[in-house]
1. What length, rounded to one decimal in nm, is gained on full extension from Thr155 through to Cys12, with 0.36 nm per residue of separation minus their alpha-carbon distance?
2. Can you compute the modelled spin-label distance between Ala23 and Thr184, with each label point 7 Å from Cα toward Cβ, in nm?
3. Note the full-extension length gain between Ser109 and Glu69 as 0.36 nm times their separation in residues minus their Cα-Cα distance, in nm to one decimal.
4. In square angstrom, rounded to the nearest 10, how much accessible surface does His83 have for a 1.4 Å probe?
5. Nearest 10 degrees, 0 to 90: what angle lies between the long axis of helix 54-64 and the longest principal axis of the chain (Cα atoms)?
6. Using only Cα atoms, tell me the angle between helix 96-105 and the longest principal axis of the chain; keep it within 0 to 90° and round to the nearest 10.
7. For the full complex of protein chains and a 1.4 angstrom probe, list Tyr40, Tyr49, Tyr159 by accessible area with the highest value first.
8. If each of Asn97 and Arg202 carries a label point 7 Å out from its Cα toward its Cβ, how far apart are those two points in nm?
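The values are calculated or read from the model by the stated rules, or taken from the named source; none is laboratory data. Quick caveat, the model's predicted, so the values are computed rather than measured. Please note: Cβ atoms are built from the backbone with ideal geometry, for glycine as well, and neighbour counts cover all protein chains shown. Heavy atoms of the whole protein, side chains included, go into the accessibility calculation; ligands, DNA and RNA do not. Shrake-Rupley method; radii C 1.70, N 1.55, O 1.52, S 1.80 Å.
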Amino acid sequence: FTRANPVTARLCRNMVLTPGSSAKEVRQFGFDISGYGVSYGVGDALGVYPTNSVSSVDAWLAATGLRAEEIIEVDGTEQTLRHALTTSYDIGRITPNLLSFLADTTKDSGAAKTLRAARADLSTWAFGRNGVDVVHDFPVRADAQQWQDVLVRLTPRSYSISSSPLISPDEVQLTVSVVRYQGTNGAERGGVCSTFLADRARESPTPVFLQ
């Protein structure tokens, strides 16, 4: 029940705790660990492996002009580009390397200047944007291998466990504020893992581990 040996647990609880009128969306999530003979303790955290949404992957592919069915290699395994973007790469994250790559690749000198300036003040410039917005707003043409060299890997997110092992030994519960916002082109965006938990984790068992 560690990062090197996660279990695939079923999401058995997804309860909205805040009223509909609230500006925040706080939910209680629970993962069923009853079939694994594992336990947790007070003060532990749960690591969750998320995936990117279909809409985010579709938007990224449309912005880059790449084919979803293109075969690439990730960690020695051949898979479609769509699968890799869904499970292996953090297409929502804006990094200095991403901005530098777009600035160096674009043929628009004005866009290149904007991107280089943004790199110098990334935290301020990135507010209200994610990586999908950036590749949409500053489109370039590059092959899949070039993008693989630029994109960072999708990593697990860690949340403090909010349940007691004395009361709920077979269900690990989390209390999470779900991040949602509108992107620069008006599309709905959100935190990678919080929206995964809220909207998609029930679709199949999720790899989780104890910290």
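1. Details: separation 143, 0.36 × 143 = 51.48 nm, distance 2.28 nm.
Extending this stretch completely gives an extra 49.2 nm.
2. Placing both labels 7 Å along Cα→Cβ, they lie 2.4 nm apart.
3. 11.2 nm
4. Spelled out: His83, probe radius 1.4 Å, area about 90 Å².
5. The helix 54-64 is inclined about 20 degrees to the chain.
6. 30
7. Correct descending sequence by accessible area is Tyr49, Tyr159, Tyr40.
8. About 3.7 nm, to one decimal.
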